[in-house]
1. With every atom except the alpha carbons ignored, what do you get for Rg and Dmax of the chain, in angstroms?
2. Residue by residue through the stretch 138-145, what is 3J(HN,Hα) from phi via Karplus (6.51 cos²θ - 1.76 cosθ + 1.60, θ = phi - 60°)? Round to whole Hz and write x for glycine and proline.
3. Which loop-located GluC sites (Glu not before Pro) does the stretch 100-204 contain, where loop means any DSSP state but H, G, I, E or B and the Cβ has at most 16 other Cβ atoms within 10 Å?
4. Size of the dipole of the stretch 13-98 about the Cα centre, Lys and Arg at +1 and Asp and Glu at -1 on the beta carbon, nothing else charged, in debye to 20?
5. Using all C-alpha to C-alpha distances in the stretch 69-113, build P(r) with 5 Å bins and read off the rounded percent in each one.
6. With θ set to phi - 60°, apply the Karplus curve 6.51 cos²θ - 1.76 cosθ + 1.60 along the stretch 338-349 and write out the HN-Hα couplings as whole Hz, x wherever there is a Gly or Pro.
7. Considering only Thr483, Met360, Ala350, whose Cα is most displaced toward the positive end of the charge dipole of the chain, charges sitting on Cβ of Lys, Arg (+1) and Asp, Glu (-1)?
8. Where the centroid of each part is defined by its Cα atoms, how far is the stretch 411-484 from the stretch 276-319 in Å?
Amino acid sequence: MQFESFTALKKLFEAQGNRRWSIAQTTAKERIAKLQELRAEIVRRQEEFYTAIWEDFHKPRFEAWLCEVFPAIEEIDCAISHLEEWMRDKSGKWLYFLPTTKSRLHYEPKGRCLIFAPWNYPFLLLISPIVSAIAAGNTVIAKPSHKTPKVSAFLASLLEGVFEANEVAVIEGAGAEVGDELLKLPFDHVFFTGSPKVGVHVAELATSHHASVTLELGGKSPVIILPDIAVDVARDNNGGHTREQCRALKDAAEKIAWGKMLNAGQTCIAPDYVLCPRDLVPAFAEAAAAAVQKMYGETDEQRKASTDLVHIIDENACSRHQRLVADAVDRGATPILSGEFDMENRYTPATILTNVTPDMEVMQSEIFGPILPILAYDTLDEAISFVQNRPKPLSLYIFGKSQPDMDKVLCQTTAGSTCINNCIIQIENLDLPFGGVGMSGTGNYHGFYGFRAFSHERNVMEQGFFDAVRLFHPPYKTKGLQTLSQKILKFLKKF
(Lines give C-alpha, C1' and ligand atoms only; values in the text may rest on other atoms or scores of the structure.)
Protein backbone atom coordinates (compact mmCIF):
# COMPACT_ATOMS: atom_id res chain seq x y z
CA MET A 1 0.00 0.00 0.00
CA GLN A 2 1.11 3.55 -0.66
CA PHE A 3 1.88 5.75 2.30
CA GLU A 4 -1.08 8.06 2.99
CA SER A 5 -0.79 9.31 6.55
CA PHE A 6 0.49 8.46 10.00
CA THR A 7 -3.10 7.73 10.98
CA ALA A 8 -3.30 5.00 8.32
CA LEU A 9 0.02 3.53 9.48
CA LYS A 10 -1.15 3.50 13.08
CA LYS A 11 -4.36 1.73 12.08
CA LEU A 12 -2.35 -0.95 10.24
CA PHE A 13 0.00 -1.26 13.20
CA GLU A 14 -2.92 -1.75 15.58
CA ALA A 15 -4.46 -4.36 13.26
CA GLN A 16 -1.21 -6.32 13.35
CA GLY A 17 -1.16 -5.93 17.13
CA ASN A 18 -4.57 -7.54 17.32
CA ARG A 19 -3.33 -10.43 15.18
CA ARG A 20 0.14 -10.95 16.63
CA TRP A 21 -0.82 -13.33 19.45
CA SER A 22 -2.72 -15.72 17.19
CA ILE A 23 0.22 -15.74 14.77
CA ALA A 24 2.65 -16.26 17.64
CA GLN A 25 0.82 -19.47 18.53
CA THR A 26 0.97 -20.97 15.03
CA THR A 27 2.71 -24.32 14.68
CA ALA A 28 5.75 -25.09 12.57
CA LYS A 29 3.45 -26.82 10.11
CA GLU A 30 1.31 -23.68 9.70
CA ARG A 31 4.31 -21.40 9.24
CA ILE A 32 5.87 -23.80 6.74
CA ALA A 33 2.66 -23.73 4.72
CA LYS A 34 2.93 -19.93 4.47
CA LEU A 35 6.55 -20.15 3.37
CA GLN A 36 5.68 -22.77 0.76
CA GLU A 37 2.99 -20.49 -0.64
CA LEU A 38 5.46 -17.59 -0.77
CA ARG A 39 8.00 -19.79 -2.54
CA ALA A 40 5.45 -20.89 -5.13
CA GLU A 41 4.45 -17.29 -5.86
CA ILE A 42 8.07 -16.20 -6.28
CA VAL A 43 8.71 -19.00 -8.76
CA ARG A 44 5.45 -18.32 -10.60
CA ARG A 45 5.98 -14.56 -10.89
CA GLN A 46 9.75 -14.32 -11.22
CA GLU A 47 9.60 -13.05 -14.82
CA GLU A 48 7.71 -9.99 -13.58
CA PHE A 49 10.54 -9.33 -11.17
CA TYR A 50 13.22 -9.62 -13.89
CA THR A 51 11.35 -7.06 -15.99
CA ALA A 52 10.92 -4.72 -13.03
CA ILE A 53 14.55 -4.74 -11.96
CA TRP A 54 15.77 -4.24 -15.53
CA GLU A 55 13.58 -1.16 -15.77
CA ASP A 56 14.80 0.14 -12.41
CA PHE A 57 18.55 -0.13 -13.00
CA HIS A 58 19.45 -2.38 -15.88
CA LYS A 59 20.18 -5.53 -13.87
CA PRO A 60 20.40 -8.50 -16.28
CA ARG A 61 18.07 -11.44 -15.85
CA PHE A 62 20.73 -14.01 -14.96
CA GLU A 63 22.40 -11.80 -12.37
CA ALA A 64 18.99 -11.00 -10.87
CA TRP A 65 18.28 -14.73 -10.62
CA LEU A 66 21.74 -15.55 -9.24
CA CYS A 67 21.90 -12.79 -6.65
CA GLU A 68 18.26 -12.28 -5.70
CA VAL A 69 15.82 -15.06 -6.58
CA PHE A 70 18.09 -18.07 -6.04
CA PRO A 71 19.33 -17.05 -2.54
CA ALA A 72 15.78 -16.08 -1.52
CA ILE A 73 14.57 -19.55 -2.50
CA GLU A 74 17.53 -21.03 -0.59
CA GLU A 75 16.50 -19.07 2.51
CA ILE A 76 12.92 -20.31 2.26
CA ASP A 77 13.97 -23.92 1.70
CA CYS A 78 16.33 -23.78 4.67
CA ALA A 79 13.54 -22.53 6.93
CA ILE A 80 11.09 -25.12 5.64
CA SER A 81 13.58 -27.94 6.24
CA HIS A 82 14.65 -26.92 9.74
CA LEU A 83 11.82 -24.92 11.30
CA GLU A 84 10.46 -27.72 13.49
CA GLU A 85 13.92 -28.21 14.99
CA TRP A 86 14.48 -24.46 15.44
CA MET A 87 11.16 -24.02 17.29
CA ARG A 88 11.74 -26.94 19.65
CA ASP A 89 12.61 -26.02 23.26
CA LYS A 90 16.24 -26.70 24.21
CA SER A 91 17.00 -28.27 27.60
CA GLY A 92 19.16 -26.32 30.03
CA LYS A 93 21.93 -27.69 32.25
CA TRP A 94 20.92 -29.48 35.47
CA LEU A 95 21.82 -27.50 38.60
CA TYR A 96 23.02 -29.58 41.55
CA PHE A 97 22.00 -26.92 44.10
CA LEU A 98 18.47 -26.80 42.58
CA PRO A 99 18.13 -30.55 42.06
CA THR A 100 14.44 -30.80 41.25
CA THR A 101 14.18 -27.90 38.82
CA LYS A 102 14.10 -28.16 35.03
CA SER A 103 15.34 -25.41 32.72
CA ARG A 104 14.72 -24.87 29.04
CA LEU A 105 15.28 -22.28 26.35
CA HIS A 106 12.06 -21.30 24.62
CA TYR A 107 12.02 -19.29 21.39
CA GLU A 108 9.10 -16.90 21.19
CA PRO A 109 8.27 -14.31 18.49
CA LYS A 110 9.38 -10.77 19.18
CA GLY A 111 6.00 -9.50 17.96
CA ARG A 112 5.49 -6.62 15.56
CA CYS A 113 8.53 -6.19 13.29
CA LEU A 114 9.58 -3.43 10.92
CA ILE A 115 11.88 -4.26 8.00
CA PHE A 116 13.67 -1.66 5.86
CA ALA A 117 15.20 -2.92 2.60
CA PRO A 118 17.74 -1.08 0.41
CA TRP A 119 17.71 -0.55 -3.34
CA ASN A 120 20.86 -2.45 -4.36
CA TYR A 121 19.35 -5.92 -3.90
CA PRO A 122 15.74 -4.81 -3.48
CA PHE A 123 14.11 -8.24 -3.74
CA LEU A 124 16.51 -10.43 -1.73
CA LEU A 125 17.07 -7.97 1.09
CA LEU A 126 13.34 -7.59 1.69
CA ILE A 127 12.27 -11.22 1.18
CA SER A 128 15.10 -12.81 3.19
CA PRO A 129 14.36 -11.07 6.52
CA ILE A 130 10.62 -11.48 5.94
CA VAL A 131 11.18 -15.24 5.64
CA SER A 132 13.01 -15.21 8.99
CA ALA A 133 10.31 -13.09 10.62
CA ILE A 134 7.51 -15.37 9.37
CA ALA A 135 9.43 -18.47 10.45
CA ALA A 136 9.72 -16.99 13.95
CA GLY A 137 5.96 -16.20 14.10
CA ASN A 138 5.89 -12.41 13.83
CA THR A 139 3.84 -9.79 12.03
CA VAL A 140 5.74 -7.56 9.59
CA ILE A 141 5.51 -4.12 8.07
CA ALA A 142 8.11 -3.87 5.31
CA LYS A 143 9.43 -0.75 3.60
CA PRO A 144 11.18 -1.30 0.25
CA SER A 145 13.34 1.41 -1.32
CA HIS A 146 11.66 4.17 -3.30
CA LYS A 147 14.72 4.23 -5.58
CA THR A 148 13.55 1.01 -7.23
CA PRO A 149 9.85 1.81 -7.77
CA LYS A 150 9.12 -1.02 -10.21
CA VAL A 151 10.51 -3.67 -7.86
CA SER A 152 8.80 -2.00 -4.91
CA ALA A 153 5.43 -2.23 -6.64
CA PHE A 154 6.11 -5.85 -7.59
CA LEU A 155 6.99 -6.76 -4.00
CA ALA A 156 3.82 -5.13 -2.69
CA SER A 157 1.74 -7.09 -5.17
CA LEU A 158 3.61 -10.35 -4.50
CA LEU A 159 3.21 -10.22 -0.73
CA GLU A 160 -0.39 -9.00 -0.87
CA GLY A 161 -1.14 -12.13 -2.86
CA VAL A 162 0.21 -14.37 -0.09
CA PHE A 163 -0.43 -12.61 3.23
CA GLU A 164 -3.21 -10.55 4.75
CA ALA A 165 -2.21 -7.00 5.63
CA ASN A 166 -2.63 -7.67 9.35
CA GLU A 167 0.24 -10.20 9.08
CA VAL A 168 2.58 -8.86 6.39
CA ALA A 169 2.18 -5.44 4.77
CA VAL A 170 4.37 -3.47 2.36
CA ILE A 171 4.44 0.33 2.62
CA GLU A 172 5.63 2.24 -0.45
CA GLY A 173 6.74 5.85 -0.51
CA ALA A 174 9.68 8.23 -0.11
CA GLY A 175 12.34 6.75 2.14
CA ALA A 176 13.13 9.28 4.86
CA GLU A 177 9.59 10.61 5.19
CA VAL A 178 7.87 7.23 5.47
CA GLY A 179 10.70 5.71 7.50
CA ASP A 180 10.53 8.34 10.20
CA GLU A 181 6.74 8.01 10.39
CA LEU A 182 7.04 4.23 10.79
CA LEU A 183 9.66 4.61 13.50
CA LYS A 184 7.24 6.65 15.59
CA LEU A 185 5.39 3.39 16.21
CA PRO A 186 6.52 1.12 19.07
CA PHE A 187 7.67 -1.90 17.09
CA ASP A 188 9.19 -4.82 18.99
CA HIS A 189 12.04 -5.30 16.51
CA VAL A 190 13.48 -3.18 13.70
CA PHE A 191 15.58 -4.72 10.92
CA PHE A 192 17.45 -2.22 8.73
CA THR A 193 19.75 -2.75 5.77
CA GLY A 194 21.49 0.33 4.41
CA SER A 195 24.22 2.86 5.07
CA PRO A 196 25.94 3.30 8.47
CA LYS A 197 24.82 6.95 8.61
CA VAL A 198 21.13 6.13 8.21
CA GLY A 199 21.57 3.08 10.44
CA VAL A 200 22.54 5.32 13.35
CA HIS A 201 19.39 7.38 12.84
CA VAL A 202 17.18 4.28 12.63
CA ALA A 203 18.73 2.81 15.80
CA GLU A 204 18.20 6.04 17.75
CA LEU A 205 14.51 6.19 16.86
CA ALA A 206 13.94 2.44 17.36
CA THR A 207 15.58 2.30 20.76
CA SER A 208 13.49 5.24 21.94
CA HIS A 209 10.69 2.63 22.08
CA HIS A 210 13.09 0.00 23.47
CA ALA A 211 12.83 -2.01 20.26
CA SER A 212 15.64 -4.45 19.56
CA VAL A 213 17.48 -3.77 16.30
CA THR A 214 19.37 -5.64 13.60
CA LEU A 215 21.51 -3.31 11.50
CA GLU A 216 23.04 -4.66 8.28
CA LEU A 217 25.25 -1.80 7.16
CA GLY A 218 28.44 -1.59 5.10
CA GLY A 219 31.83 0.07 4.98
CA LYS A 220 35.07 -0.18 3.06
CA SER A 221 35.75 -3.92 2.75
CA PRO A 222 39.48 -4.43 2.12
CA VAL A 223 41.32 -7.03 0.10
CA ILE A 224 44.76 -8.06 1.31
CA ILE A 225 46.97 -9.81 -1.22
CA LEU A 226 49.60 -11.68 0.75
CA PRO A 227 53.28 -11.17 -0.13
CA ASP A 228 53.76 -14.85 -0.94
CA ILE A 229 50.62 -15.29 -3.02
CA ALA A 230 52.50 -18.17 -4.64
CA VAL A 231 54.29 -19.99 -1.84
CA ASP A 232 57.88 -21.15 -2.36
CA VAL A 233 58.15 -19.68 -5.84
CA ALA A 234 61.46 -18.03 -6.57
CA ARG A 235 62.09 -15.23 -9.05
CA ASP A 236 63.02 -16.23 -12.57
CA ASN A 237 66.50 -15.64 -13.99
CA ASN A 238 65.65 -12.09 -15.02
CA GLY A 239 64.40 -11.12 -11.57
CA GLY A 240 60.75 -11.17 -12.61
CA HIS A 241 57.90 -13.34 -11.36
CA THR A 242 57.62 -16.97 -12.37
CA ARG A 243 54.78 -18.32 -14.45
CA GLU A 244 53.22 -19.99 -11.40
CA GLN A 245 53.19 -16.74 -9.48
CA CYS A 246 51.63 -14.94 -12.43
CA ARG A 247 48.89 -17.60 -12.56
CA ALA A 248 48.14 -17.12 -8.85
CA LEU A 249 48.04 -13.35 -9.25
CA LYS A 250 45.82 -13.60 -12.34
CA ASP A 251 43.42 -15.89 -10.51
CA ALA A 252 43.17 -13.41 -7.62
CA ALA A 253 42.70 -10.50 -10.03
CA GLU A 254 39.86 -12.24 -11.86
CA LYS A 255 37.99 -13.06 -8.64
CA ILE A 256 38.45 -9.57 -7.22
CA ALA A 257 37.34 -7.97 -10.49
CA TRP A 258 34.23 -10.15 -10.52
CA GLY A 259 33.42 -9.25 -6.90
CA LYS A 260 33.89 -5.55 -7.59
CA MET A 261 31.90 -5.49 -10.84
CA LEU A 262 28.97 -7.59 -9.56
CA ASN A 263 25.95 -5.26 -9.50
CA ALA A 264 28.38 -2.56 -10.72
CA GLY A 265 30.02 -2.49 -7.31
CA GLN A 266 26.71 -1.63 -5.61
CA THR A 267 27.09 -4.48 -3.13
CA CYS A 268 27.57 -4.05 0.62
CA ILE A 269 30.27 -6.77 0.70
CA ALA A 270 32.00 -5.74 -2.54
CA PRO A 271 35.79 -5.55 -2.31
CA ASP A 272 36.21 -1.80 -1.84
CA TYR A 273 39.98 -1.45 -2.22
CA VAL A 274 43.07 -3.66 -2.56
CA LEU A 275 46.20 -3.69 -0.42
CA CYS A 276 48.85 -5.19 -2.66
CA PRO A 277 52.61 -5.86 -2.21
CA ARG A 278 54.37 -2.97 -3.92
CA ASP A 279 56.27 -5.09 -6.45
CA LEU A 280 53.06 -6.87 -7.52
CA VAL A 281 50.92 -3.77 -8.11
CA PRO A 282 51.60 -3.34 -11.87
CA ALA A 283 50.99 -7.01 -12.66
CA PHE A 284 47.87 -7.19 -10.49
CA ALA A 285 46.38 -3.99 -11.94
CA GLU A 286 46.90 -5.18 -15.51
CA ALA A 287 45.42 -8.59 -14.70
CA ALA A 288 42.36 -7.00 -13.06
CA ALA A 289 41.85 -4.72 -16.07
CA ALA A 290 42.11 -7.70 -18.42
CA ALA A 291 39.52 -9.56 -16.35
CA VAL A 292 37.04 -6.66 -16.59
CA GLN A 293 37.60 -6.44 -20.34
CA LYS A 294 37.03 -10.16 -20.74
CA MET A 295 33.73 -10.01 -18.83
CA TYR A 296 32.24 -6.79 -20.22
CA GLY A 297 34.13 -5.71 -23.35
CA GLU A 298 37.54 -4.58 -24.55
CA THR A 299 36.61 -0.93 -24.94
CA ASP A 300 34.67 1.52 -22.83
CA GLU A 301 31.99 1.72 -25.53
CA GLN A 302 31.59 -2.05 -25.51
CA ARG A 303 31.34 -2.12 -21.73
CA LYS A 304 28.77 0.69 -21.75
CA ALA A 305 26.68 -1.25 -24.27
CA SER A 306 27.00 -4.54 -22.39
CA THR A 307 23.70 -6.06 -21.27
CA ASP A 308 25.62 -7.86 -18.50
CA LEU A 309 26.69 -4.67 -16.73
CA VAL A 310 24.32 -3.17 -14.17
CA HIS A 311 23.81 0.58 -14.29
CA ILE A 312 24.17 2.96 -11.36
CA ILE A 313 21.02 3.58 -9.34
CA ASP A 314 20.74 7.34 -10.01
CA GLU A 315 22.54 10.38 -11.39
CA ASN A 316 23.61 11.57 -7.93
CA ALA A 317 25.52 8.35 -7.31
CA CYS A 318 27.06 8.54 -10.76
CA SER A 319 28.16 12.15 -10.17
CA ARG A 320 29.70 11.14 -6.85
CA HIS A 321 31.74 8.42 -8.58
CA GLN A 322 32.96 10.97 -11.11
CA ARG A 323 34.11 13.29 -8.31
CA LEU A 324 35.96 10.46 -6.57
CA VAL A 325 37.86 9.50 -9.72
CA ALA A 326 38.65 13.12 -10.63
CA ASP A 327 39.97 13.84 -7.14
CA ALA A 328 42.16 10.72 -7.17
CA VAL A 329 43.64 11.53 -10.58
CA ASP A 330 44.23 15.17 -9.58
CA ARG A 331 46.15 13.92 -6.53
CA GLY A 332 48.37 11.60 -8.55
CA ALA A 333 46.46 8.33 -9.02
CA THR A 334 47.01 6.49 -12.30
CA PRO A 335 43.97 5.07 -14.16
CA ILE A 336 44.88 1.63 -15.50
CA LEU A 337 41.32 1.19 -16.78
CA SER A 338 38.82 4.00 -17.23
CA GLY A 339 36.19 5.50 -19.52
CA GLU A 340 33.67 8.28 -20.00
CA PHE A 341 30.90 8.93 -17.49
CA ASP A 342 27.35 9.14 -18.83
CA MET A 343 25.02 10.75 -16.30
CA GLU A 344 21.89 10.49 -18.43
CA ASN A 345 22.26 6.71 -18.71
CA ARG A 346 23.64 6.36 -15.17
CA TYR A 347 26.87 4.81 -16.39
CA THR A 348 30.02 4.79 -14.29
CA PRO A 349 32.90 3.28 -16.27
CA ALA A 350 34.88 0.44 -14.74
CA THR A 351 37.92 2.15 -13.23
CA ILE A 352 41.13 0.70 -11.77
CA LEU A 353 43.48 3.11 -10.01
CA THR A 354 47.09 2.69 -8.89
CA ASN A 355 49.32 5.12 -6.96
CA VAL A 356 46.38 5.65 -4.60
CA THR A 357 47.06 7.28 -1.24
CA PRO A 358 44.93 7.24 1.95
CA ASP A 359 44.19 10.99 1.78
CA MET A 360 42.27 10.72 -1.50
CA GLU A 361 38.48 11.05 -1.39
CA VAL A 362 38.09 7.59 -2.88
CA MET A 363 39.54 6.19 0.37
CA GLN A 364 37.33 8.20 2.72
CA SER A 365 33.99 6.40 2.33
CA GLU A 366 32.46 3.29 0.82
CA ILE A 367 32.68 3.58 -2.98
CA PHE A 368 29.58 1.58 -3.91
CA GLY A 369 30.50 1.59 -7.59
CA PRO A 370 32.81 -0.10 -10.15
CA ILE A 371 35.96 1.73 -9.01
CA LEU A 372 38.89 -0.26 -7.61
CA PRO A 373 41.68 1.64 -5.83
CA ILE A 374 44.95 -0.28 -5.34
CA LEU A 375 47.26 0.74 -2.50
CA ALA A 376 50.83 -0.53 -2.33
CA TYR A 377 52.36 -1.84 0.89
CA ASP A 378 55.89 -2.93 1.81
CA THR A 379 55.24 -5.33 4.71
CA LEU A 380 52.23 -7.37 5.78
CA ASP A 381 52.32 -5.62 9.17
CA GLU A 382 51.85 -2.33 7.33
CA ALA A 383 48.76 -3.67 5.51
CA ILE A 384 47.29 -5.06 8.74
CA SER A 385 47.88 -1.76 10.53
CA PHE A 386 46.09 0.06 7.72
CA VAL A 387 42.97 -2.07 8.26
CA GLN A 388 43.21 -1.89 12.06
CA ASN A 389 43.19 1.91 12.02
CA ARG A 390 39.95 2.16 10.07
CA PRO A 391 36.31 1.38 10.92
CA LYS A 392 35.50 -2.32 11.14
CA PRO A 393 34.46 -3.56 7.69
CA LEU A 394 31.52 -5.75 6.75
CA SER A 395 33.85 -8.12 4.89
CA LEU A 396 37.57 -8.71 4.50
CA TYR A 397 39.19 -10.70 1.70
CA ILE A 398 42.55 -12.47 1.77
CA PHE A 399 44.37 -13.88 -1.25
CA GLY A 400 47.46 -16.05 -0.91
CA LYS A 401 48.77 -19.47 0.06
CA SER A 402 50.64 -18.89 3.32
CA GLN A 403 48.57 -20.29 6.19
CA PRO A 404 50.62 -18.46 8.85
CA ASP A 405 50.03 -15.18 7.03
CA MET A 406 46.30 -15.89 6.69
CA ASP A 407 46.10 -16.70 10.40
CA LYS A 408 47.99 -13.52 11.21
CA VAL A 409 45.53 -11.39 9.24
CA LEU A 410 42.54 -13.12 10.85
CA CYS A 411 43.95 -12.76 14.38
CA GLN A 412 44.95 -9.12 14.00
CA THR A 413 41.89 -7.73 12.22
CA THR A 414 38.13 -7.85 12.68
CA ALA A 415 35.34 -7.94 10.11
CA GLY A 416 31.75 -9.06 9.81
CA SER A 417 32.82 -11.89 7.50
CA THR A 418 35.95 -13.05 5.72
CA CYS A 419 36.55 -14.97 2.52
CA ILE A 420 39.90 -16.47 1.58
CA ASN A 421 40.89 -16.78 -2.10
CA ASN A 422 37.50 -15.67 -3.39
CA CYS A 423 34.96 -12.87 -3.04
CA ILE A 424 31.28 -12.58 -2.04
CA ILE A 425 30.64 -16.33 -1.64
CA GLN A 426 30.92 -16.33 2.18
CA ILE A 427 27.24 -15.35 2.39
CA GLU A 428 26.17 -18.59 0.72
CA ASN A 429 26.52 -20.93 3.72
CA LEU A 430 23.24 -20.61 5.62
CA ASP A 431 24.65 -22.63 8.52
CA LEU A 432 26.74 -19.57 9.40
CA PRO A 433 25.57 -16.09 10.40
CA PHE A 434 25.92 -13.02 8.20
CA GLY A 435 26.26 -9.61 9.78
CA GLY A 436 28.56 -6.75 10.57
CA VAL A 437 30.63 -5.58 13.50
CA GLY A 438 31.02 -2.07 14.86
CA MET A 439 30.19 0.50 12.17
CA SER A 440 29.37 -2.25 9.66
CA GLY A 441 26.42 -3.58 11.62
CA THR A 442 24.75 -4.97 14.72
CA GLY A 443 23.39 -8.50 14.90
CA ASN A 444 23.21 -11.09 12.15
CA TYR A 445 20.86 -13.32 10.20
CA HIS A 446 20.55 -16.10 7.54
CA GLY A 447 19.19 -19.57 8.28
CA PHE A 448 18.78 -20.28 11.99
CA TYR A 449 20.44 -16.97 12.84
CA GLY A 450 17.63 -15.14 11.02
CA PHE A 451 15.04 -17.10 13.00
CA ARG A 452 16.92 -16.19 16.17
CA ALA A 453 17.17 -12.51 15.19
CA PHE A 454 13.36 -12.29 15.12
CA SER A 455 12.87 -14.41 18.26
CA HIS A 456 13.22 -13.72 21.95
CA GLU A 457 15.22 -16.41 23.76
CA ARG A 458 13.11 -16.99 26.84
CA ASN A 459 14.56 -18.62 29.94
CA VAL A 460 12.00 -20.99 31.46
CA MET A 461 12.61 -22.78 34.79
CA GLU A 462 10.13 -25.18 36.40
CA GLN A 463 10.25 -25.99 40.12
CA GLY A 464 9.95 -29.67 41.05
CA PHE A 465 8.59 -31.38 44.21
CA PHE A 466 11.37 -30.21 46.56
CA ASP A 467 12.19 -26.50 46.80
CA ALA A 468 15.81 -26.23 47.99
CA VAL A 469 15.62 -22.44 47.93
CA ARG A 470 13.36 -22.53 51.02
CA LEU A 471 16.45 -23.46 53.00
CA PHE A 472 17.85 -20.01 52.22
CA HIS A 473 14.85 -17.92 53.23
CA PRO A 474 15.27 -15.39 56.06
CA PRO A 475 16.09 -15.10 58.88
CA TYR A 476 19.64 -15.47 57.62
CA LYS A 477 21.37 -15.70 61.03
CA THR A 478 19.97 -19.07 61.98
CA LYS A 479 22.55 -21.68 62.94
CA GLY A 480 21.19 -24.16 60.41
CA LEU A 481 21.51 -21.76 57.48
CA GLN A 482 25.08 -20.82 58.40
CA THR A 483 26.05 -24.49 58.67
CA LEU A 484 24.45 -25.23 55.30
CA SER A 485 26.27 -22.37 53.61
CA GLN A 486 29.62 -23.58 54.99
CA LYS A 487 28.93 -27.09 53.66
CA ILE A 488 28.09 -25.71 50.22
CA LEU A 489 31.31 -23.68 50.13
CA LYS A 490 33.30 -26.75 51.17
CA PHE A 491 31.62 -28.76 48.43
CA LEU A 492 32.39 -26.10 45.80
CA LYS A 493 36.10 -26.15 46.66
CA LYS A 494 36.29 -29.69 45.27
CA PHE A 495 35.63 -28.36 41.74
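The values are calculated or read from the model by the stated rules, or taken from the named source; none is laboratory data. Quantities reported herein were computed from a predicted structural model and do not represent experimental measurements. Note that we place each Cβ from the backbone using ideal geometry, even for glycine, and neighbour counts take in every protein chain shown. Note: accessible area is taken over every heavy atom of the protein model, side chains too, but ligands, DNA and RNA are not part of it. Shrake-Rupley method; radii C 1.70, N 1.55, O 1.52, S 1.80 Å.
1. 26.5, 92
2. Along the stretch 138-145, the couplings run 9, 9, 9, 10, 10, 10, x, 6 Hz.
3. Within the stretch 100-204, the qualifying GluC sites (Glu not before Pro) (loop, at most 16 other Cβ atoms within 10 Å) are Glu164.
4. The dipole magnitude comes to about 500 debye.
5. 5, 16, 14, 16, 16, 11, 8, 6, 3, 2, 1
6. In residue order, the calculated couplings are 7, x, 9, 6, 9, 5, 4, 9, 6, 10, 9, x Hz.
7. Towards the positive end, the residue furthest out is Thr483.
8. That distance is 43 Å.
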